[in-house]
Amino acid sequence: MSSKTAQELALPVGVTLDRFIMLSQSAFPYATGELSQLLRDIALAGKIINREINRAGLVDIAGGNGTENVQGENQQKLDIVANIRFIRALKNGGEVCAILSEEDEDIIHTGNDQGKYVVAMDPLDGSSNIDVNVSIGTIFSIYRRVTPTGTAATMEDFLQGGRKQIAAGYILYGSSTMLVFSTGEDVNGFTLDQSLGEFILSHKNICSPKSGNIFSVNEGNYYSYLESVQKYLDNCKRKGFSARYIGSLVGDFHRNLLKGGIYLYPSTKKDPKGKLRLLYECYPLAFLAEKSGGKASDGFGAILDIIPTSGHQRSPIFVGSAAMVEEAVKP
Ligand code: AHM
Ligand code: MG
């Protein structure tokens, strides 16, 4: 591709997401403008979900008896609300023909069979943190469909494999709200300016530190891990590394991406395939890890090389700074 990346275009920190997308569009795969529109739709959905999250503690109050909210919709849990909002934004945008969501068993047809893209997503990850005001996130992964345009999308469109993602990213609802994504070149982060309602480029060309001293894992499962994983964790402690685990994948991944560290959710006796879902948790974060210079492995090989067989399959994951991931999965 002869087009320039956002980095080469020297887009300044402070530029809005819309302007960033417009100026760097030629660097996007296929560069037809449709992917640009899709990213804008995702950003819009993120802003809407951000608004819902910010009033989460008020929902019961605002909803009176817990039956209906001010818009006349039934009161629902935030992850369900996020799912509905996301699907609506993608349907309205028109670029997406089908969606695979953690919240729905089957793929969702948007009614736009002319759409060239499919999106796999976890609309609101970190379910245990939703009701307690701790960081949560949205994760998304975009493919160009392989079934003919104009027909109904099928599972085949989603089971292309991680290397076929044309873009992936997340929205972190934390102390500030951030959108981080890559269209296959560099990884860039945008912070939501709440007063303007705009995502502003704040973290340009994010590069994963080669190594770090943070390890993020649910240590309550220690005795359930393979001996090799236990040894790695023992080593982290021997070296005096910091244990940091929110239990929100997006938040844990984001911190480690900026500071250097490893996030691991290995197989356990209870969950031999791990807990996290390949298509909308592991693949997109592995994509971002690799594009930023980090690594992602299932303990045997690169996450992105796993051949998917079903929409909601799980995978163990070791993701983050390259040297730490290599060390953790060393045979
Ligand atoms: P969820 O999709 O039900 O929210 O589960 C995914 C979450 C991740 O965000 C987090 O890293 C992990 O599950 C925490 O799991 P555990 O509570 O077993 O440590
Ligand atoms: Mg999840």
Qualifying positions in the range 211-230 - farther than 22 Å from residue 127 by Cβ and surrounded by fewer than 13 Cβ atoms within 10 Å (Cβ to Cβ): 223, 227
Within the range 167-177, is there a residue that is among the hydroxyl-bearing types (Ser, Thr, Tyr), in contact with a Pro (Cβ under 8 Å, 6 or more places away or on another chain), assigned by TED's automatic domain parsing to the domain that holds residue 86 and modelled with pLDDT of 95 or more? yes
If we keep only residues of the range 231-243 that are of a type outside the set (Lys, Arg) and farther than 18 Å from residue 270 by Cβ, then the residue surrounded by the fewest Cβ atoms within 10 Å (Cβ to Cβ) is 240
Residue 264 vs. criteria within 13 Å of ligand 1 (Cβ to nearest atom) and either of a type in the set (D, E, K, R) or not assigned by TED's automatic domain parsing to the domain that holds residue 105 (or both): yes
Residues of the range 283-312 being in contact with a helix residue (DSSP H, G or I) (Cβ under 6 Å, 6 or more places away or on another chain) and either among the basic types (Lys, Arg) or within 11 Å of ligand 1 (Cβ to nearest atom) (or both), which ones? 285, 295
Take the residues in the range 104-129 that are touching a helix residue (DSSP H, G or I) at 6+ places or on another chain (Cβ under 8 Å), polar (S, T, N, Q) and under 20 Å from residue 37 (Cα atoms), then tell me which one is nearest to ligand 2 (Cβ to nearest atom). 110
Within the range 89-108, count every residue that is of a type outside the set (Gly, Ala, Ser), under 22 Å from residue 277 (Cα atoms) and buried (at least 16 other Cβ atoms within 10 Å of the Cβ). 9
Please note which helices (runs of 4 or more DSSP H) are completely contained in the range 21-123 and include at least 2 residues that are at pLDDT 90 or above. 34-54, 78-93
Subset tally (residues that are away from ligand 2 (no atom under 11 Å from the Cβ) and either in contact (Cβ under 8 Å) with a residue 40 or more places away in the chain or aromatic (Phe, Trp, Tyr) (or both)) for the range 268-277: 6
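The values are calculated or read from the model by the stated rules, or taken from the named source; none is laboratory data. Note that the structure is a prediction, hence the values are computed from the model and not measured. No Cβ is skipped: glycine too gets one built from the backbone with ideal geometry, and neighbour counts run over all protein chains shown.
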